[in-house]
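Heads up, the thing below is written out as C-alpha cells.
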Amino acid sequence: MPAAQIEFSKELTAFIDEWKAKPGSLIMMLHRIQEEFGFIPRLAAERLSRSVGLPLAKIYGVVTFYHFFKTTKPGKHRIAVCLGTACYLRGAQDLVDEARAILNLKDEEVTDDGLFSIDEVRCLGCCGLAPVLMIGNEVYGKVEKDALPEIIAKYREI
Amino acid sequence: MAYKNYILVCGGTGCESAKANEIFTTLHHEAEAQGVKNDVQIVKTGCFGFCEKGPIVKVLPQESFYVEVRPEDAKEIIAEQVVKGREVKRLLYKKNAKTSDTVKLEDIEFYQKQFRIVLRNCGVINPENIDEYIAREGYTGLERALFAMKPEGVIQELKASGLRGRGGAGFPTWLKWDLTIKAKGDTKYVVCNADEGDPGAYMNRSTIEGDPHSILEAMTICGYTIGAHKGYIYIRAEYPLAIERLKIAIKQAKEYGLLGDDILGSGYSFDLEIRLGAGAFVCGEETALLQSLEGKRGMPVPKPPFPAVSGLWKKPTVINNVETYANVSVIMAKGAEWFAKIGTEKSKGTKTFALTGKINNSGLVEVPMGTTLREIIYDIGGGIRGGKALKGVQTGGPSGGIITAESLDQPITYESLSALGSMMGSGGMIVMDEDDCVVDISKFYMAFCVDESCGKCAPCRIGTSQMHAILDKISKGTGTEDDLLKLEKIGKAMTKASLCLLGGSAANPTSSTLRHFREEYLEHIRDHKCRAGKCKDLVVYEIDPVKCIGCGLCARKCPVPCIAGEKKKAHVIDKARCVKCGECFKACKFGAVNKK
Ligand SMILES: Cc1cc2nc3c(=O)[nH]c(=O)nc-3n(C[C@H](O)[C@H](O)[C@H](O)COP(=O)(O)O)c2cc1C
Ligand code: SF4
Ligand code: SF4
Ligand code: FES
C-alpha cells in the first residue's frame, strides 16, 4: 500500500534538498516544515523521514524534545503570552487567565472556529515592554487585562 | 553627500513592536511630501536601551532625543526640525510628567553612568549597512589579526585585556581559545552561543540586532586564531529580527571579502552558518547546544572532555557568548591596554544588563564592572516603580539568587555576585518590590526548571519536581516547617549530583530566598498568610462595612459575581465563591476592600 501523501510546496522541497546534505540539519528542516504548516503534521514527519533517510522515531525524538515544535494544529491566530520573569512580575499570569476565560480555552486547546489558541511562552525578548503578548507576528507591549477583549476582537475579522 | 539632518529611529524589537516601523515609513513619506527628501537621511538603528520610553527617535546634529513617539508625530518632526530647524519640544525627554523642562541627551540620568562598549554601535549605526560599521573602526580588529599578528599574538592580546566569558561562568576567553589551539585535530569549529534562554534577559538579542557585524568579526578572528574554517551561530528561533540582521550581515561581509574564501587576500578562509534553536533552555548549556547543533535532542554530556578538546562532532570547538565576541572585536580594534583600564582588577571591561521588573526605567544598560547595584537601580533605573520598597534583585535568572537591599553597595564583579549567593549570569537583572512574594517567585523559577530539565539525570529530573511540589504546598498554606528542611536537603543533593548546571543551580533561587526571607516562608506555613498577597489561596478579600458607601462598582467588576448588597448600603463578598481575582480591590475608590 502506498504511503499517504502530503503536499510540500516547491520551496519546502527545495529547502529540504539543499539542507539534507548538511550535517546536523534536522532541526532546520523541522523549522521550515513548521513554517509551512504551522505545526509538524505526522504525514510531513513521515515524508521527511523517507526523503532524508532518518528513522521516524529519531525525528519524533527531536520534535518532542523542543518546546518550539508543535504536533497539533494551532489556531489561525496563535496568541503567545509571555510568562518570562519580567512579564510574570508585571502580571502576565492574569493575562493568560483572562485570555483563556475570554476564549473559553484550556491549555493548548483551539477555539471551535479554529481561529485562536493560546500558548504560554518564555520571554520574547522585549522585557522592557512587559507584560508582552504576541499574536501572529505582532507584538503587544504593556498590555492591560482590560485591553484584551479589544485586541482579540481585532483578529476575529481577519 | 551631506544631509542637513539625520533621523535615527530605534529598530530594536521592543520599539519595533511599538510601531517604530510605521514611524520610520511615515517619516520617509513625510520627507518626500514636504519636499525635503534630499535634506534628511532616515535610518533604522539598533536598540537605544531606553525601552521604557520607546519608541525612540533621535535627530542629529541637534541630538534631539524624542521619546514615546507615535507615527502621527512624524509630520511634525519633518515640518519643524528638517524644514524649519526647530526641535519638537513636546516630544523631548523630560525628567518627569510634571515638568516641561526638557533634558539634554548627555544629561539623561539613564545614560550618565553607562559606558557603552558592547553596545557602542547600538542606536548609532544602521545595522543593515556594513559601511556604517566599517566607518566606526569595524573590521580593523580583523585586519590587525590577519596582517599584523600571529595566532599567539591574538592570544596575548586577549590575555592582556583580561576578558572573561560573558555567558555566565566568567572563564578567561584567552585560555579557552588557547586550549583549543593546543587540542589535537585538523578540523576545529567556532560557535556563538546566542540561545539566551534566561527568561527576562535580552542583551544578546539587542546586541545582534544593533550590531551584527561585531559578532561576525570576532568569530572570524577566533577562527583565524584557533585554525578553524567554519563557524556556527546558534540563535533562538524566537528572535526573528536578530536572525534577519545576521543573514544580511553575513551576505554583506561576504560581498566585501570579509568573510568566505581568502579573506582580504590573506589566504585565510572562514565561513559562517546560522542555526536555530527550538525553545529549550538547556540548549544554552554548551554541551547541550553542541548536541543540538548536531541535530539531536539537546541533552548535556559529562565534562570533561571540554568542548575545547572534544566539541562539535568531537572536534575541538570554541564556544563563546554573544557579548564575549562583541568585546573581542573592540579589544582587537582598540587594544588590550585600553580595555584593561576599564572595570576592576579581576573583572575587566563592562557588563550589559537587561534591567526589568519593578523598576521605573526598564531597559538595556551597560556599565563598567565594579559599578554598584544601587547605581544601576537608582541612578540609571530611576528607582522602584510607584515609590515602593525594594525587596531584592535577581541576577542569573533561574540559576541565580536574590540580592537584598543590604548588599546594594557591593561593586558588581564575578566574584562579588557569587559571594552574595547569586551569579553574574548572562545579564538578566530583575527588580522585585514589596508586592512580590518570595515563595511565589521561587515557585515560578522552579516551575521553569521542571519544564526545562532535559530529564537525563535523576537529581534534576526528580529534584526539581519535588521541590516544586513542596513550594506549591507552601504557597497554598499547607506546608510544614519540616518542608523547609526538605527543600534545603533536596537542593543540596541537586547541586551536588546533577550532570549539568541547570540542575546544579536550579535550587539557587529557593535557597537564597530561604536564607534571606525565611520568616516569609514561615508566615505562609504558620499563619497561612502571604504578606505580598501573591499566593492567591492565602488571600482573603473583605469589605470594610464602615468605609463602604455601597456604590456597587466592585459588584459590577466582580467576574463571578459574588459581591452583593443594596444600593448605598455596605456590600459583602461571598468568600466561598470568591476567585481572588482582586478586581474589587482595584475597583473600590474608597479603600473599602481589604486584602489580607
Ligand atoms: C542551564 C544553562 C543555560 C545556559 N544558557 C546560556 C545562554 O543562554 N547563553 C550563554 O551564552 N551561555 C549560557 N550558558 C553558559 C554556557 O554553558 C557557556 O558557559 C557559555 O556559552 C560560554 O561562553 P563564554 O565563555 O563566552 O561565557 C548556560 C549554562 C547553563 C548550565
Ligand atoms: S542537570 Fe537537568 S538539564 Fe542537566 S543533564 Fe541533568 S536532567 Fe538534564
Ligand atoms: S466599590 Fe467599594 S465602596 Fe463601592 S460597593 Fe464596593 S466596597 Fe463598597
Ligand atoms: S520576560 Fe516577557 S518578554 Fe522577556
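The values are calculated or read from the model by the stated rules, or taken from the named source; none is laboratory data. As the structure is a computational prediction, the values presented were derived from the model and not from experiment. Every residue, glycine as well, gets a Cβ built from its backbone with ideal geometry; the counts of neighbours run over all protein chains shown.
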Residue match in the stretch B:336-343 (condition: under 27 Å from the mean Cα position of the chain (by Cα), at pLDDT 95 or above, surrounded by 24 or more Cβ atoms within 10 Å (Cβ to Cβ) and assigned to a loop (DSSP other than H, G, I, E, B)): no
Some residue of the stretch A:90-107 being within 13 Å of chain B (Cβ to nearest Cβ) and either within 16 Å of ligand 2 (Cβ to nearest atom) or among the hydroxyl-bearing types (Ser, Thr, Tyr) (or both): no
Filter pass, B:Ser292 being buried (at least 24 other Cβ atoms within 10 Å of the Cβ), away from ligand 3 (no atom under 16 Å from the Cβ) and within 9 Å of chain A (Cβ to nearest Cβ): yes
Candidate set from the stretch B:359-372 (those that are over 13 Å from B:Gly427 (Cβ atoms) and modelled with pLDDT under 95); member that is farthest from the other protein chains (Cβ to nearest Cβ): B:Asn360
Condition met for A:Thr85 (more than 9 Å from ligand 4 (Cβ to nearest atom), assigned by TED's automatic domain parsing to the domain that holds A:Leu148 and not hydrophobic (A, V, I, L, M, F, W, C)): no
For B:Leu522: the one exception among (1) in contact with a Lys or Arg (Cβ under 9 Å, 6 or more places away or on another chain); (2) away from ligand 3 (no atom under 16 Å from the Cβ): (1)
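The rows are residues; the columns are (1) touching a Ser or Thr at 6+ places or on another chain (Cβ under 7 Å); (2) away from chain A (no Cβ under 14 Å); (3) closer than 25 Å to B:Gly197 by Cα.
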| position | (1), (2), (3) |
| --- | --- |
| B:Tyr378 | no, yes, no |
| B:Lys391 | no, no, yes |
| B:Gln394 | no, no, yes |
| B:Gly401 | yes, no, yes |
| B:Leu408 | yes, yes, no |
| B:Ile412 | yes, yes, yes |
| B:Ser416 | no, yes, yes |
Residue satisfying all of: in the stretch B:173-230; assigned to a loop (DSSP other than H, G, I, E, B) and among the basic types (Lys, Arg); nearest to the other protein chains (Cβ to nearest Cβ) among these: B:Lys188
Flag if B:Gly123 is within 24 Å of B:Ser422 (Cβ to Cβ) and of a type in the set (Gly, Ala, Ser): no
In the stretch B:298-315, the residues that are within 14 Å of chain A (Cβ to nearest Cβ), within 14 Å of B:Ala183 (Cβ to Cβ) and either assigned to a helix (DSSP H, G or I) or not small (Gly, Ala, Ser) (or both): B:Leu312, B:Trp313, B:Lys314, B:Lys315
Which numbered condition B:Glu157 fails, given (1) more than 14 Å from chain A (Cβ to nearest Cβ); (2) more than 10 Å from ligand 1 (Cβ to nearest atom); (3) within 21 Å of B:Ser310 (Cα to Cα): (3)
Residue match in the stretch B:199-219 (condition: more than 26 Å from B:Tyr133 (Cα to Cα) and of a type outside the set (A, V, I, L, M, F, W, C)): yes
The stretch B:367-411 - residue that is among the polar types (S, T, N, Q) and farther than 13 Å from B:Gly357 by Cα and, of those, surrounded by the most Cβ atoms within 10 Å (Cβ to Cβ): B:Ser399
Residue match in the stretch B:420-436 (condition: aliphatic (A, V, I, L, M), assigned to a helix (DSSP H, G or I), within 16 Å of ligand 4 (Cβ to nearest atom) and in contact (Cβ under 8 Å) with a residue 60 or more places away in the chain): no
Residues being among the hydrophobic types (A, V, I, L, M, F, W, C) and free of Cβ contacts under 8 Å to residues at least 40 places away in the same chain - total across the stretch A:43-91: 15
Verdict on A:Val132 being crowded, with 21+ Cβ neighbours inside 10 Å and either at pLDDT 90 or above or within 16 Å of the chain's Cα centre (by Cα) (or both): yes
